[in-house]
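Worksheet: one structure, shown below.
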Amino acid sequence: MSGLLTDIDHVGIAVEDLDAAVAHYQRTLGLDPVHREVVPDQGVEEVLFHVGSSFVQLLGALGSDTPVGKFLAKHGPGLHHIGYRVSDVAEALERLKANGVPLIDEVPRDGPRGTTIAFVHPKGFDGVLVELVQGNEAT
C-alpha cells in the first residue's frame with residue numbers, strides 16, 4: 001500500500017491576537033510572513049511563515065462563533081490542527097472513509113492559497129484535527 005501523505009503542509013496554531021502573534025514570530029524567530037488571507041467561509045484570518053518545505057499557520061478567529069473562535073474559548077491559544085499534503089484530496093477522503101476514519105468534509109472544497117482541502121475529524125487521529133491539502137505548495 002503506497003503512502004497517502006506527501007509532506008506536512010502546515011501546522012495550524014490558534015492565536016488570540018493575530019497581529020501580536022505575527023510580531024512575536026518575526027521578533028523572536030526571525031520569520032517574515034509569506035502569505036496573509038481572510039478566509040470567510042472558515043471564519044479565520046491566516047498568516048503563513050515558510051519553515052523548510054512547510055508552513056507555520058497562525059489563525060485568528062473572525063468571531064467567537066467560528067470554529068477557531070470556539071476552539072480558543074474552550075482550549076485557549078495553541079495547536080489547532082496539522083495540514084498534510086496529498087496528491088488528490090478526493091482520493092484521500094475515499095481511502096480514509098473506506099478505513100472507517102470519520103470525516104468532517106465528505107467532499108473536497110476550495111481552500112486558501114488556491115488549494116483544495118478537506119478536514120478529517122479528530123476522532124480519526126487520536127484527538128488531532130487533520131486538514132488534507134492539495135496544490136499550491138509555494139506562496
Rough spin-label spacing in nm, given labels placed 7 Å along Cα→Cβ, for VAL128 and GLU94: 2.6
Tally Lys/Arg at +1 and Asp/Glu at -1 over every other residue whose Cβ is under 15 Å from the Cβ of VAL101; what's the total? -3
Could you check which residue among ALA98, ALA118, ALA23 shows the biggest mean-square fluctuation in a GNM of the chain with a 10 Å Cα cutoff? ALA98
Each residue of the stretch 84-101 in turn: what ³J(HN,Hα) in whole Hz from Karplus with 6.51, -1.76, 1.60 and θ = phi - 60°, glycine and Pro shown as x? 9, 7, 9, 7, 8, 4, 4, 5, 4, 4, 4, 5, 5, 4, 5, 9, x, 7
Assign unit charges at the C-beta atoms only (+1 for Lys and Arg, -1 for Asp and Glu), then state the dipole size of the chain relative to its Cα centre in Debye, rounded to the nearest 20. 300
Taking every other residue with Cβ under 10 Å from the Cβ of PHE119 and scoring Lys and Arg +1, Asp and Glu -1, one gets -1
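Bear in mind that the values in this text are calculations on the coordinates, not laboratory data. What you see is a predicted model, and the numbers here were worked out from it, not measured in a lab. With ideal geometry, Cβ positions are generated from the backbone for all residues, glycine too; neighbour counts draw on all protein chains shown.
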